[in-house]
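My questions will all concern the structure given below.
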Amino acid sequence: MSILFVYGSLKLGQSAHGFLEEYNGVYLREAVSDSRYHIYRVGWFPGMVINEDLQGGIHGELYQVNDKCLEALDRYEGVPSLFCRDQIVLDDGSSVIAYRYVKSISGCKRFENGIWDAK
């Protein structure tokens, strides 16, 4: 089992949350990433990137997930062409898994408050 940080379409009430339900992901709690992580609108979906020159942090949720869930999510997230599964650090210093965007974010809107807005 792994702990997964979700910050966009996989969050409760969002369009892809069904993946977590289908594969028995267990909601643990809300969480915030370390300030080096930032969220951008990349078309219709969010992308998390690392930029240590900006202060940020992303608001998300933590789920306990199994390997089958991660395999399905890798396909959904387009690993390795769009996203990679990566270890990230939360604001409390703990380490969890998250999907990090690997393409350019040039011209993309940054959510300065760290909260994904699907609108």
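Among the residues of segment 12-31, is any in contact (Cβ under 8 Å) with a residue 60 or more places away in the chain, surrounded by 14 or more Cβ atoms within 10 Å (Cβ to Cβ), more than 14 Å from ILE97 (Cβ to Cβ) and within 11 Å of the chain's Cα centre (by Cα)? Full working, then the answer.
First, the residues of segment 12-31 that are in contact (Cβ under 8 Å) with a residue 60 or more places away in the chain: 14-16, 31.
Filter once more, keeping what is surrounded by 14 or more Cβ atoms within 10 Å (Cβ to Cβ): 14, 16, 31.
From what is left, the residues that are more than 14 Å from ILE97 (Cβ to Cβ) are 14, 16.
Checking the rest, the ones that are also within 11 Å of the chain's Cα centre (by Cα) come to none.
Within segment 12-31 (the criterion being in contact (Cβ under 8 Å) with a residue 60 or more places away in the chain, surrounded by 14 or more Cβ atoms within 10 Å (Cβ to Cβ), more than 14 Å from ILE97 (Cβ to Cβ) and within 11 Å of the chain's Cα centre (by Cα)), the answer is no, since none of the residues qualifies.
While we're here: Identify the residue in segment 63-87 that is under 12 Å from the mean Cα position of the chain (by Cα) and buried (at least 20 other Cβ atoms within 10 Å of the Cβ) and, among all such residues, is nearest to GLU22 (Cα to Cα).
Here the answer is LEU73.
Is it the case, given these coordinates, that ALA98 is in contact with a Leu (Cβ under 8 Å, 6 or more places away or on another chain) and of a type outside the set (S, T, N, Q)?
On the way: in contact with a Leu (Cβ under 8 Å, 6 or more places away or on another chain): yes; of a type outside the set (S, T, N, Q): yes.
Yes.
Find all pairs meeting these conditions: Cβ atoms under 6 angstrom apart; at least six residues apart or on different chains; first residue within segment 94-107 and farther than 14 Å from GLY60 by Cα; second residue surrounded by 13 or more Cβ atoms within 10 Å (Cβ to Cβ) and of a type outside the set (A, V, I, L, M, F, W, C).
Correct list of pairs: TYR101/GLY47; ILE105/TYR40.
Closer than 12 Å to TRP116 by Cβ and of a type in the set (S, T, N, Q): which single residue out of GLN14, GLN64 fits that description? Before the answer, list the steps.
Values: GLN64 fails: closer than 12 Å to TRP116 by Cβ.
On inspection, the qualifying residue turns out to be GLN14.
Restricting to segment 88-109, give me the number of residues that are of a type in the set (Lys, Arg), surrounded by 13 or more Cβ atoms within 10 Å (Cβ to Cβ) and over 12 Å from the mean Cα position of the chain (by Cα). Steps first, please.
Our first condition is that a residue be of a type in the set (Lys, Arg); within segment 88-109, this holds for 100, 103, 109.
In the following step, the residues that additionally are surrounded by 13 or more Cβ atoms within 10 Å (Cβ to Cβ) were identified as 100, 103.
Subset that is over 12 Å from the mean Cα position of the chain (by Cα): 103.
Number of matching residues: 1.
Any read-out appearing in this document is the output of simple, stated calculations on the displayed coordinates, not a laboratory observation. Here the structure is a predicted model, which means the values were calculated and not measured. Here the Cβ is made from the backbone with ideal geometry for all residues, glycine too, and neighbour counts use every protein chain on show.
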